[in-house]
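Notes to accompany the following structure.
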Amino acid sequence: GGSLLLIRVADLADVNRDLGRDTTDRALRTLADVLRGWPHDGALAGRLNGADFALALPASNPTAHEFATRVASALRSALSGNGDRFVVHLGAALWSHGAGPSAGALLARADQALARAEGLAPFAAEVDAEAGDAMAAGEQGWHRDLQDALAERRARLAEYVVLDRGGAVSHLECPLRVQL
């Protein structure tokens, strides 16, 4: 058993047109190098098609949530030299030896998680809801997620002026947005 992670380059055709083929190819090689060099025994990496890559880890390695978060962070760092145009999203799912799911079902679950991530911020990582990743839930999971988001600067404090009926400043609304 283990974790399967799907990585998709957002809008690859547009990125290729905007950045140029050479720059896009260098970014794709950088992405592939990060996946190929993943520092866990038994990791397997591959390119599924033009925009999609996969990375699989055996069960003895981090939970699916930790795995996806670490890979997202590593890719964000490695690809930062390409500005904000080269973006990836990640989706993860777990499998157990002998307990399923089938390869098709596993890919479908990881792809569903990837589709949810694509609706979020750049370099977002989502884990299959059926994964049973216990560390991603509860107080410990929230604590870890918040610490990771703050450490990786995935938090923004907004500031909105609130005026009273007379037009005078009443107070500031300052919501904190955290990408988990």
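Over all alpha-carbon pairs of segment 1-89, lay out the pair-distance distribution in 10 Å bins, whole %, shortest bin first. Calculated over all Cα pairs of segment 1-89, the distribution is 17, 52, 25, 7, 0 percent.
Seen from Asp22, the other residues with C-beta closer than 15 Å to its C-beta sum to a net charge of +3, counting Lys and Arg as +1 and Asp and Glu as -1.
Centroid-to-centroid, using Cα positions, segment 146-173 and segment 22-60 are 38 Å apart.
Excluding the sites themselves, what is the longest stretch of the chain that contains no GluC sites (Glu not before Pro) in a DSSP loop with at most 16 other C-beta atoms within 10 Å? Result for the longest clean stretch: 1-151. Legend: residues Asp128, Asp11, sorted from most to least accessible area (1.4 Å probe; ligands, DNA and RNA excluded), read Asp11, Asp128. Here the chain is described by how far its Cα atoms reach on the three principal axes: 67, 44, 26 Å, from widest to narrowest.
Computed about its Cα centre, the charge dipole of segment 1-96 is approximately 80 debye, with only Lys, Arg, Asp and Glu carrying charge at their Cβ.
The values are calculated or read from the model by the stated rules, or taken from the named source; none is laboratory data. Small disclaimer: the values here were computed from a predicted structure and weren't measured. Note that we place each Cβ from the backbone using ideal geometry, even for glycine, and neighbour counts take in every protein chain shown. Heavy atoms of the whole protein, side chains included, go into the accessibility calculation; ligands, DNA and RNA do not. Shrake-Rupley method; radii C 1.70, N 1.55, O 1.52, S 1.80 Å.
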